[in-house]
Amino acid sequence: MRRARWFTMVAVLWGVTAWAQTPSAEARDPHAEAAGYGFSGGAHPHAGHPAYSVLRVDRFEHAFMPGDDATLYDLHGRYGGSFDRAVLKAEGEIARGKVRAARTELLWSHAVSPFWDTQLGVRHDGGVGPDRGWLALGVEGLAPYWFDVEVTAYLGPAGRTALRLAASYELLLTQRLILQPRVEADFHGKRDSALDHGSGLTDAVAGLRLRYEFNRQFAPYLGVERGGKVGNSADLAQAAGERAMTTRWVAGLKFWF
């Protein structure tokens with residue numbers, strides 16, 4: 001049964017990659033501004049260029065909730081060339097001076113098409129409750145109609161499996177004012193009583209953020225999101241006297257260097 005769940009996750013990853021590489025006839029031409037270059041048929045324009053590094057903080061924000069404010073961060077670091085690079089992903093929540101939840105991933109990323117990368121590496125979860133470690137296998141890229149998509153499967157000790165889906169879209173109201181809807185969902189193959197989550201769909205969040213780009217490297221934003229535990233995890237939270245779902249207003253910065 002555990003192997004079947006893992007193979008199912010891998011099949012989902014393969015299906016998303018295949019779908020993403022076959023856009024509809026109405027999708028924008030991915031080579032329209034590529035000056036005739038692509039990943040096949042000759043040298044890539046960046047082939048042989050030296051390695052580069054970038055740290056992108058997509059979310060650094062304060063979340064306002066009744067009696068339970070928190071600070072959240074979501075950052076991506078990259079170092080390497082055009083086809084292969086090391087990737088650091090870190091996401092977490094800090095409340096009352098303590099780390100409530102943290103997810104850190106160190107991955108090796110390889111470009112398999114102009115807009116898609118495969119990623120392989122490790123993940124570490126910390127915060128309230130016991131730490132967890134995982135092997136990670138995923139795909140990340142730009143889907144048809146310009147959706148940023150991440151799909152990652154995880155395999156942990158004791159037969160633990162998980163799947164994380166995240167997607168966002170940037171709607172340009174003006175050249176500087178941008179509305180970004182974002183959704184994220186987590187699935188787990190088995191119940192983990194120590195962390196109070198069940199099996200199946202365990203967490204989900206959906207939000208909207210409106211940011212103003214003073215320049216491409218610095219953009220403050222305001223937003224709102226609703227999310228929390230669902231399914232069996234919601235039942236466990238409610239049994240413990242906790243809220244399953246919450247709505248919170250956020251104010252933060254997006255920047256990179």
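The values are calculated or read from the model by the stated rules, or taken from the named source; none is laboratory data. Note that the structure is a prediction, hence the values are computed from the model and not measured. Methodologically, a virtual Cβ is constructed for each residue, glycine included, from the backbone with ideal geometry; neighbour enumeration extends over all protein chains shown.
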In this structure, is L155 touching a helix residue (DSSP H, G or I) at 6+ places or on another chain (Cβ under 7 Å) and of a type in the set (A, V, I, L, M, F, W, C)?
-> yes
Look through the stretch 175-220, keep the residues that are of a type in the set (S, T, Y) and outside any strand (DSSP E or B), and return whichever of them is farthest from the chain's Cα centre (by Cα).
-> S193
Every residue from the stretch 140-174 that is part of a loop (DSSP other than H, G, I, E, B), farther than 22 Å from V205 by Cβ and among the hydrophobic types (A, V, I, L, M, F, W, C) = L173
May I ask you to list the residues in the stretch 202-231 that are under 17 Å from A162 (Cα atoms) and at pLDDT 95 or above?
-> A204, V205
Only one of E213, E184 is in contact (Cβ under 8 Å) with a residue 40 or more places away in the chain, surrounded by 16 or more Cβ atoms within 10 Å (Cβ to Cβ), within 30 Å of A251 (Cα to Cα) and among the acidic types (D, E), namely E184
Would you check if there is a residue in the stretch 126-138 being on the phi < 0 side of the Ramachandran plot, loosely packed, with under 13 Cβ neighbours inside 10 Å, in a strand (DSSP E or B) and without any contact (Cβ under 8 Å) to a residue 12 or more places away in the chain?
-> no
Of everything in the stretch 59-76 that's at negative phi and outside any strand (DSSP E or B), which residue is modelled with the highest pLDDT?
-> D69
